[in-house]
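Report on the structure given below.
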Amino acid sequence: MDALRRTYKLFDKSVIIPLHPIASSKKYHSSIVRARQQQQQEAGENTNDRSRGDKKPVIDEATVRRLERLALVGFEYEQSKRILEEAIAFAERLREARIDETVRPMYSILENARIRLRDDVARGDVDRQEILRNAAVLEEDPHFVNLSERVLAYGPQGKLLLRNLEEHWFAHCVTMPRHNVFPCDSIADTLQLLRSNSLDDQLPFALATLAAMSKSAWNESLARVSSHRIVKVNVIVDASESKSLLHKKQRERKVWWRKLAQCPSRFVLAEARKARNLDVTEIEAQFPFGNITVETITYYPGIRKLYPQTEGSKDNAADVHMIEHVASLDWGCLALLCDSHMLDKSISSYIHPKLSPYKTTFQIEKQQNETDVEDLNRFVLYLNNTLRAKGISTILTNTEQIVEMCLIPFVVSVNRTSLKNGIVHVKNRSTTLKEAVHISDLVKYITLRSS
């Protein structure tokens with residue numbers, strides 16, 4: 001040890017000699033220590049973030065009602081509430097996420113582009129009669145609906161459009177509701193029948209009137225129509241739940257029309273008004289030439305007169321209210337046709353596939369061999385019969401004019417290769433995109449995209 005000190009004095013260096021020897025296994029670098037400490041810190045923060053993000057938020061009924069009023073979104077289903085809880089938990093994790101300052105944001109090619117929106121102003125050059133004529137008559141013959149003097153006359157495609165709209169309304173308002181819905185002709189007689197069988201004890205329940213003719217005047221500022229087809233639902237509900245159900249029905253019916261429109265924001269709820277001391281709200285389709293009323297929703301606070309009075313049932317209807325929503329099929333068809341023509345200046349019109357008179361047609365690519373043409377014709381007949389057997393309406397035509405006139409949403413193209421591998425190409429007329437589909441999946445493909 002003394003010899004070592006004398007050696008270091010020769011170089012004028014001081015040395016610190018440990019009293020205890022250091023084992024080779026305990027030698028380390030400071031950089032490794034810092035890296036391990038940083039990893040442990042980040043792991044702890046990630047664990048805390050996951051614990052906070054995975055914690056299921058508590059959503060009470062008041063929060064749901066406030067969200068429904070602000071966003072007009074229904075949370076009556078368990079799945080909707082679960083999705084909301086997951087979205088809140090994910091948003092909480094994003095809010096507390098740590099982002100490295102060295103990370104640069106991504107820029108799109110439109111970052112510096114100036115995108116100008118159309119001015120939301122009324123056009124003064126719009127002719128109301130011209131738009132109604134364009135929506136009423138797509139071609140000279142046949143046509144959808146003709147708005148003639150005091151009557152709405154339907155053509156072949158218009159009849160199918162009207163029927164599809166009625167079937168869609170029936171499925172949504174009669175088949176799908178969670179409460180019981182009973183079709184009827186007379187409300188008072190049906191209520192008496194339900195009471196005799198104790199079917200009116202469980203509230204709410206509804207009575208549906210299908211495809212009746214109404215003499216009441218609708219949209220007189222546009223045209224005077226003597227009568228029009230309506231579908232009506234009267235919901236009998238407890239008084240304590242009537243206001244909540246009224247707002248829910250207003251929201252549901254507006255969303256229902258918007259889902260069928262090419263421009264969803266066109267259908268709006270008008271301001272509530274008083275008619276015969278009753279609260280009435282209308283659903284309107286807004287156009288430059290005026291608004292078309294397609295549905296009315298009325299709130300009846302007292303319906304005692306609908307129930308037959310007996311000695312034991314004097315107060316049965318005291319706490320029962322009624323909500324009535326009436327949709328006009330005729331004015332609804334006309335509004336949806338006008339909506340299909342108001343998108344742009346093009347001559348093409350598009351309508352929701354659910355309402356299209358025909359869901360699909362077929363197109364055979366040109367072939368030089370006559371034998372191939374005959375085989376493809378038989379192949380098309382096979383596909384046509386297969387789709388019709390599953391309830392999918394089709395039309396056989398070989399002209400593009402019929403496709404545009406009948407507003408057919410899907411065109412199935414077949415060629416010689418389709419006979420070998422069973423692959424056909426389905427073109428969506430609204431997007432102009434083609435997709436290869438095997439014939440075994442064709443029914444499922446068309447059904448999913450027509451619903």
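Below, the figures for the structure above:
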| quantity | calculated |
| --- | --- |
| Segments 270-283, 194-207 sorted - mean Cβ within 10 Å per residue, highest first | 194-207, 270-283 |
| Nearest-0.05 FRET efficiency for Asn377 and Asp189, computed from C-beta distance (R0 45 Å) | 0.20 |
| Cβ-based exposure ranking for Cys333, Cys406, Cys263, Cys184, in which fewest neighbours within 10 Å come first | Cys263, Cys184, Cys406, Cys333 |
| Separation between Cα centres of region 160-217 and region 337-389, rounded to whole Å | 36 |
| Relative contact order computed over region 145-341 (Cα-Cα under 8 Å; 6+ residues apart), in percent | 22 |
| Backbone HN-Hα couplings from phi across region 230-239 [Karplus 6.51/-1.76/1.60, Hz, Gly and Pro as x] | 10, 10, 9, 10, 10, 9, 8, 9, 5, 4 |
| Amide H partners (placed H, <5 Å) of Ser393, local residues excluded | Lys359 |
| Trypsin sites (Lys or Arg not before Pro) restricted to region 200-246 and DSSP loop, no more than 15 other C-beta within 10 Å | Lys215, Arg224 |
| R0 of 45 Å, Cβ-Cβ distance Glu435-His247: FRET efficiency to nearest 0.05 | 0.65 |
| Extension gain from Arg93 to Leu448, taking 0.36 nm per residue of separation minus the Cα-Cα distance | 124.3 nm |
| Residues Leu222, Leu165, Leu448 arranged by fewest to most Cβ contacts within 10 Å | Leu448, Leu222, Leu165 |
| Extension gain (nm, one decimal) between Asp60 and Leu396, 0.36 nm per residue minus Cα-Cα | 115.4 nm |
| Mean Cα-pair separation over length for region 139-242, i.e. relative contact order, pairs under 8 Å, 6 or more apart, % | 24 |
| Among the listed pairs Lys254/Lys354; Lys249/Lys444; Lys249/Lys359; Lys81/Lys254; Lys232/Lys274; Lys366/Lys390, those beyond 26 Å (Cα-Cα) | Lys249/Lys444; Lys249/Lys359; Lys366/Lys390 |
| Cα-centred dipole magnitude for region 183-264, charges only on beta-carbon of K, R (+1) and D, E (-1), debye, nearest 20 | 600 |
| Antiparallel content of DSSP bridges confined to region 358-450, in %, to 5 | 60 |
| For Glu370, Glu85, order by how many other beta-carbon atoms lie within 10 Å, fewest first | Glu370, Glu85 |
| 5 angstrom amide H check on Leu203, placed H, neighbours 5+ away | none |
| Cα centre as origin, Lys/Arg/Asp/Glu Cβ charges: region 401-451 dipole, Debye | 120 |
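Taken together, the values in this text are just the output of simple stated rules run on the coordinates, not laboratory data. Bear in mind the structure is a predicted one, so any value in this text is a computation, not a measurement. In this analysis, Cβ positions are derived from the backbone assuming ideal geometry, glycine residues included, and neighbour counts consider all displayed protein chains.
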